[in-house]
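Here's the structure we're looking at; comments come further down.
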Amino acid sequence: MDAPFPEETSGAIESQDPARRGAGRSGDNLRSDSLQSGTLHIAELTAATPEPLLAAARELLLEYGQFVIAQPGAARFCFGSLQQEADGLPDSFLSQGGASLLALAGGAPVGFVAWRAISGPAIKSDSWELKRLWVRPSARGLALGRRLTQAVLDRAMAARRTAIYLDTAPQSMASAHRLYLDMGFTPCAPYNDNPVEGLVWMVKFL
């Protein structure tokens, strides 16, 4: 990357619009009130990241996949590929000219996002693709999806990228779709062959 951002820390977490969210797991028993008063850390995953944080990121990424395959129209989503992606963190995105971020609230892992370089006939040169934005239900209302998305946008602008692309499913991921629109993403032509039904493709020019 042109400009490293190893870790970001904010003060007390303010309650704002919820970010992307979905069904929780049995181990996800964090109390929202404790998160409200905690401190948010956003850490960029590298080869030097401690294994416990990498394990937490892998678990969050697989939670994202489990949410996706539970949605209508996701029958062709390949969970096996996502498993390989999770197993390969952080290299699975570093090797594609991107990286990934892990959000912790009050020391607990609650959010994940990644990005990668992208090219193609329908893609503006020097662009990235936003991938795998996920926030646990225990962290709803803390604007973590917005913070994670903004962290990727900040890195893209520092790296002098020209645009950020993404695809999402408004019917099953309505809060994420609203978030992207609110942050200035606009609809664009399909740029990939994602098999999930009901997708929209979006871009934000930088």
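Since every read-out is calculated from the coordinates, none of them should be taken as a lab result. Just so you know, these numbers come straight off a predicted model, no measurement behind them. Backbone-built Cβ (ideal geometry, glycine too); neighbour counts: all protein chains shown.
Full-extension gain between Glu51 and Arg178, please, as 0.36 nm times their residue separation minus the C-alpha to C-alpha distance. Mind showing how you got there, number by number?
On the way: separation 127, 0.36 × 127 = 45.72 nm, distance 3.39 nm.
Length gained between Glu51 and Arg178: 42.3 nm.
If Lys and Arg each add +1 and Asp and Glu each add -1, what is the summed charge of the other residues whose beta carbon sits under 12 Å from the beta carbon of Ser127? Write out the running numbers ahead of the final one.
Values: positive: Arg116, Lys124, Arg160, Arg161, Lys204; negative: Asp126, Glu129.
Charge balance in the 12 Å sphere: +3.
Highest mean first, what order results for 125-134, 156-165 on Cβ atoms within 10 Å?
Answer by packing, highest mean first, reads 125-134, 156-165.
Using the per-residue mean of other Cβ atoms lying within 10 Å as a proxy for protection, in what order, highest first, do the peptides 43-49, 98-104, 60-66 fall? Intermediate results must be reported in sequence, preceding the final value.
On the way: 43-49: 15.3, 98-104: 24.3, 60-66: 20.6.
My ranking of the peptides, most packed first, is 98-104, 60-66, 43-49.
Taking the number of other C-beta atoms within 10 Å as the exposure measure, put Tyr180, Tyr191 in order starting with the fewest.
Tyr191, Tyr180
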